[in-house]
Amino acid sequence: MRDYAPFFESSDRQVAELGVAESFLASLAAQRNQRYRDLRVYSPDPPDCVCANEQRELVAIEISEVVCSEAARRTDKGENVVRVWRPGELREHIARQVATKDAKLFHGGPYAELIVCLFTDEPLLTVESVRGELEGFSFNQQAQVSAAYLLLSHTPGHQTYPLFWLPLINRALT
């Protein structure tokens, strides 16, 4: 396991993805009153997980981490580094990850919803900094992805993990 941004880490990728998905669905239920059931890891990947929505339709969840791989690599080598995210970098990083997930061929569909859950334990991506970076911003609508969210690791004062909805807007119509 790595030392940098390790909150959601596990030695088993599927265990980590299921744990993130469980935390995501709990935060989604608490913060947006959206409920899903019967969550499970899906094979073959993608998607990472599937569940059912309130109408009992099949939903795919794709999970991806927002982490600075260079900071993680350098921390593993014993350096004490922290990624400082400049204005706009988080939005660009999120946009690339959502587009990458959207481009995949998903097994086991059709899906009523395809949700991308990005998660992070980056030390400087706090509720306040993320809110400031994302406020009023929307991302390009995707061909397959119907919703996208960013889940932060444990934050004091929050009963569930902080969750940010990442609006997907058809910019051609705006």
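Across region 100-106, coupling constants 3J(HN,Hα) worked out from phi with the 6.51/-1.76/1.60 Karplus curve, θ = phi - 60°, read 5, 5, 5, 7, 6, 8, 8 Hz, and Gly and Pro carry x.
Each Lys or Arg adds one and each Asp or Glu takes one away; over the other residues whose Cβ falls under 11 Å from the Cβ of Arg56, this sums to -2. The modelled label-to-label distance for the pair Ser11/Leu124, using points 7 Å beyond Cα in the direction of Cβ, is 3.3 nm. For the chain, the mean residue ellipticity at 222 nm estimated from helices alone is -9000 deg cm²/dmol, where every DSSP H run of n ≥ 4 contributes -39500 (n - 2.57) and the total is divided by all residues, rounded to the nearest 500. Given +1 at the Cβ of Lys and Arg, -1 at the Cβ of Asp and Glu and no other charges, the dipole of the chain around its Cα centre is 260 debye to the nearest 20. One chain, two ends: Gln34 and Val84. Fully extended at 0.36 nm per residue, the span grows by 14.7 nm beyond their Cα-Cα distance.
The relative contact order of the chain comes to 23 percent, based on Cα pairs under 8 Å that sit 6 or more residues apart. For the chain, with a Gaussian network of springs between Cα atoms less than 10 Å apart, report the residue from Gly132, Gly109, Gly78 with the top mean-square fluctuation. The residue with the greatest mean-square fluctuation here is Gly78. Computed from Cα atoms, the angle from the helix 13-32 axis to the main principal axis of the chain rounds to 70 degrees. Projecting the alpha carbon convex hull of region 13-173 along each direction and taking the average yields 10.5 nm².
Counting 0.36 nm for each residue step from Arg131 to Trp165 and taking away their Cα separation leaves a gain of 11.2 nm. Please report how far the C-alpha centroid of region 25-45 lies from that of region 1-21, rounded to the nearest whole angstrom. Their Cα centres are 17 Å away from one another.
Near Tyr161: Cβ cut-off under 11 Å, other residues only, Lys/Arg at +1 and Asp/Glu at -1. The net charge is -2.
Where a number appears in this text, it was derived from the coordinates with a stated rule and is not lab data. Note that the coordinates shown come from a computational prediction; the quantities given were computed from them, not determined experimentally. As a convention, Cβ positions derive from the backbone with ideal geometry for all residues, glycine included, and neighbour counts pool all protein chains shown.
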